[in-house]
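The values are calculated or read from the model by the stated rules, or taken from the named source; none is laboratory data. Computed from a predicted structure; not experimentally measured. Here the Cβ positions follow ideal geometry from the backbone for every residue, glycine too, while neighbour counts run over all protein chains shown.
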Amino acid sequence: MGLQHDYPWVKAPVLIGAPMRLISLAPLAVAVSHAGGLGFIGAGTEVHDLDAHLQEASRLIRETPVVGSAADVLPIGVGFINWGADFDTTVRTLEKYKPAAVWFFAPYKNADLVQWTEEISNATQGNTKIWVQVGSVHDAVEVARLCRPDVIVAQGSDAGGHGLERGAGIITLLPEIADALKHEGFEDTSVVAAGGVVEGRGVAACLALGSEGVVMGTRFLASTEATIAAGYQRAVVRAKDGGINTVRSKVYDTLRGTTGWPERIGGRGIINQSFLDAKDGKVTKENMDAYAEALKKGDDGWDENGRLTTYAGTGVGLIDRIKPAAAIMKEIRRQVMDIELRTSKRQSRI
Ligand SMILES: Cc1cc2nc3c(=O)[nH]c(=O)nc-3n(C[C@H](O)[C@H](O)[C@H](O)COP(=O)(O)O)c2cc1C
């Protein structure tokens, strides 16, 4: 049981690449798994091209195998946004490729996940483990009762991209979820943290909280393998003071027309001119037109006074460089080891 049992190639501490729709595709997901983590492709709501993404991932893994992974399982995961993803296409495609894990997020109601869990587990003979990302203790317990996932991802309010509009940070959310699951008899369910972690100190803190692994999305936006515009990446590296300069809002979805999300969910992104205009009462049509104009500017649409959506978490201020995923993970592991060493030296002096 546990992550290192189910994904035998992963190294401690277990670092997980979040499924980020349109951004975390085969190159990033495979790079994270090659570096001893578990990478997720972000299928999101669009599954029509999932076969192509998984085919590419399979090819990359055939070329450079993930050492320690089983031959009949693809050593990456795939994340779905359940309210919008087509169920039948998903099950058919997963049956063909058998990824090591699926990640569910944002169903209209948690009960919708029962069918997803049962049919995917059957179609992959249990080879594909079930992960569910939640943002509250209530949802963690309800999901555990309904579909007994292998892993609960505790998504704190610092997380980039979509998440609950009202919620706690992982420092309180993760231990309360772990306690509640234990209390309900679900102590076998692994719990991992997501939201605001971009370097070794955050990872070490999550491990101290009892997290079995740590998910990072925003950090991997500034990786060389992310499928992302250079202007977006530059905006992530430029942003500082993430609590002030990012915001969770529905404005970005409205302007892009990516509507349909459950009411209680908003997207956290770097504050830009679109958000400021919406806050000042600029009518949506005018703001949408300005957004469409900004799109024509390409990378410059993310410049200092840019308007284009820049989903990212509060951890942006700690990111100062674009690097390969493997280098990011190596550096984090070294930082965690240093912290553990310092902590044990301090304790031995007491
Ligand atoms: C650009 C971006 C896109 C995201 N897309 C998805 C997605 O498609 N599905 C999903 O479950 N979570 C998505 N997330 C949220 C992540 O799963 C995760 O909760 C988050 O990245 C963790 O916080 P961090 O960004 O501070 O590391 C996205 C996050 C970002 C930053």
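Put simply, of Ala194, Ala159, Ala204, Ala178 the only residue that is crowded, with 16+ Cβ neighbours inside 10 Å, more than 15 Å from the ligand (Cβ to nearest atom), in contact (Cβ under 8 Å) with a residue 40 or more places away in the chain and in the same structural domain as Val78 (by TED's automatic domain parsing) is Ala204. For Ile23, the conditions (1) without any contact (Cβ under 8 Å) to a residue 40 or more places away in the chain; (2) surrounded by 19 or more Cβ atoms within 10 Å (Cβ to Cβ) are fulfilled apart from (1).
As a summary of the residue check, Gly77 satisfies the conditions (1) over 18 Å from Ala159 (Cβ atoms); (2) not in a loop (DSSP other than H, G, I, E, B) except for the one numbered (1).
A quick yes/no check of all residues on (1) in a helix (DSSP H, G or I); (2) aliphatic (A, V, I, L, M); (3) in contact with a strand residue (DSSP E or B) (Cβ under 6 Å, 6 or more places away or on another chain):
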site	(1), (2), (3)
Val141	yes, yes, no
Ala154	no, yes, yes
Ser157	no, no, no
Gly167	no, no, no
Ala178	yes, yes, yes
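Scanning the range 286-329 for residues that are more than 16 Å from the ligand (Cβ to nearest atom), of a type in the set (A, V, I, L, M, F, W, C) and not assigned by TED's automatic domain parsing to the domain that holds Ser249 turns up Ala326, Ala327.
Selection of the range 233-292 for residues being of a type in the set (Lys, Arg), touching a residue at least 60 places away in the same chain (Cβ under 8 Å) and farther than 25 Å from Gly169 by Cβ yields only Arg234. Within the range 141-156, being hydrophobic (A, V, I, L, M, F, W, C) and away from the ligand (no atom under 14 Å from the Cβ) holds for Val141, Ala144, Leu146, Cys147. Quick one: in the range 293-321, which of the residues that are small (Gly, Ala, Ser) and surrounded by 15 or more Cβ atoms within 10 Å (Cβ to Cβ) is farthest from Ile170 (Cα to Cα)? This residue is Ala294. Looking across the range 1-57, just one residue is at positive phi, within 14 Å of the ligand (Cβ to nearest atom) and modelled with pLDDT under 95, and that is Gly44.
Within the range 260-285, how many residues are crowded, with 18+ Cβ neighbours inside 10 Å, more than 16 Å from the ligand (Cβ to nearest atom) and not in a helix (DSSP H, G or I)? Count: 0.
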